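The values are calculated or read from the model by the stated rules, or taken from the named source; none is laboratory data. All values derive from a computational prediction rather than experimental measurement. Backbone-built Cβ (ideal geometry, glycine too); neighbour counts: all protein chains shown.
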Amino acid sequence: MPRESLFASTREVQSLDRPQSLWNKLAIQTRQQDPFCCSSSWHLSFHDAFGPKRRLLIRHSNDSLVAFAEKTFSSGNIYLTPIESFWFFGNNVLGPQGVNLLRDTLIDIQRHYAPTFPKIVISAIPPRGAVYKELQENFVGQFAFYRHSLDIQCAASLAGGFDGFLSRRSANHRRNMKKQGKRAAEKGVTFERCSPALGSEIDAIYARMISVELSSWKGIGRCGMAEPRPRKFYNALLRRMAASQGARIMFARHDDKDIGFIFGGMAGDIYRGQQFSFDDAWSDASIGNLLQLEQVKWLSEEGARRYDMGPLLGRHMDYKRHWTEKRFHIETWILEKQ
């Protein structure tokens, strides 16, 4: 087998990098814990920003797909990881025959890397779910299984629209939201909705987002999306969202100036939040909370079914407990050839 034939060509990747590709249909239709982060938009944007030289191994059938990126460490160890391999939010074995497709692909992997065999990393698997059980059934005895990490994703149901969402929040939370909204309105804060589709719109909107980010505590601390690689990642992600008009961006404004934004995208009828920021000068005005609330109003008007807010655990994540009631556990596993 020629060396290059194991890996996807640029043309193959481009054919899957579109809104209605098999990859994106599987992300939406296969009941994933985090469907947006299973999409080609998420994985290929990460590849653009964080690992553009990593070779991609992507195989698909009529109803399933597996996607990996090759990573070689200084020790010489080779891993085939999910393409997005920092947060491990997206499952990279998709579809009813995904595990069977992986099993068939292992034959080509063995031939390519002989006499060694890379470690295989599979992410965002529900504990004791169908994919994990199928991996065990197919590979126990051939591979050792090591759990790399676990995470808890959180979400809010939008059943019943905006009123239904509010009914699932605490009385104290609802009361605080009402007071904060009234104070912001008295100060003249307004909100603007954006769902860009054209290149010029994307550039202008992203520049506005970065400007707010630079004035936020994250920008001031140089730890946010304005830093070089995150900036490239979210730019690439926004452009892919725009191809299907899937981006949902809300700006908070005061005196014709942007003072905050919230940004995320749709995977079918499920919204996945990505980032929000606000001018540090407005840190006492609850702009972040009000942006969340305005985003929920917009999504409810559109008939969205769920608001995914990503990881619940970690620094600065505790606020999500007030906004969500659903919990989804995911695990990442490493398979090592025995």
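Return the residues of the range 200-235 that are assigned to a helix (DSSP H, G or I), small (Gly, Ala, Ser) and either touching a Pro at 6+ places or on another chain (Cβ under 6 Å) or touching a residue at least 24 places away in the same chain (Cβ under 8 Å) (or both); say none if nothing qualifies.
Within the range 200-235, 211, 215, 219 qualify.
Could you list, in sequence order, all residues of the range 123-166 that are touching a residue at least 60 places away in the same chain (Cβ under 8 Å), surrounded by 15 or more Cβ atoms within 10 Å (Cβ to Cβ) and over 24 Å from residue 327 (Cβ atoms)?
Within the range 123-166, 139, 143 meet the criteria.
Among the candidates 299, 293, single out the residue that is touching a residue at least 24 places away in the same chain (Cβ under 8 Å) and touching a Phe, Trp or Tyr at 6+ places or on another chain (Cβ under 8 Å).
299
Considering only the range 25-56, how many residues are surrounded by 20 or more Cβ atoms within 10 Å (Cβ to Cβ) and of a type in the set (A, V, I, L, M)?
So the answer is 4.
Select from the range 57-77 the residues that are acidic (Asp, Glu) and either loosely packed, with under 15 Cβ neighbours inside 10 Å or farther than 11 Å from residue 95 by Cβ (or both) and list them in ascending order.
70
If you check residue 195 against the conditions, is it touching a residue at least 40 places away in the same chain (Cβ under 8 Å) and touching a Lys or Arg at 6+ places or on another chain (Cβ under 8 Å)?
Yes: the conditions hold for residue 195.
Quick test for you: out of 143, 191, pick the one residue that is modelled with pLDDT of 95 or more, of a type in the set (A, V, I, L, M, F, W, C) and not assigned by TED's automatic domain parsing to the domain that holds residue 282.
143
Among the residues of the range 255-286, what is the count of those that are on the phi < 0 side of the Ramachandran plot, in a loop (DSSP other than H, G, I, E, B) and among the acidic types (Asp, Glu)?
Residues meeting the conditions: 3.
Can we say residue 120 is assigned to a helix (DSSP H, G or I), surrounded by 14 or more Cβ atoms within 10 Å (Cβ to Cβ) and out of contact with any Lys or Arg (no Cβ under 7 Å at 6 or more places or on another chain)?
No, not satisfied.
Taking residue 187 as the residue in question, decide whether it is surrounded by fewer than 14 Cβ atoms within 10 Å (Cβ to Cβ), out of contact with any Leu (no Cβ under 7 Å at 6 or more places or on another chain) and either free of Cβ contacts under 8 Å to residues at least 60 places away in the same chain or within 22 Å of residue 307 (Cα to Cα) (or both).
Taking the combined requirement at face value, the residue does not satisfy it.
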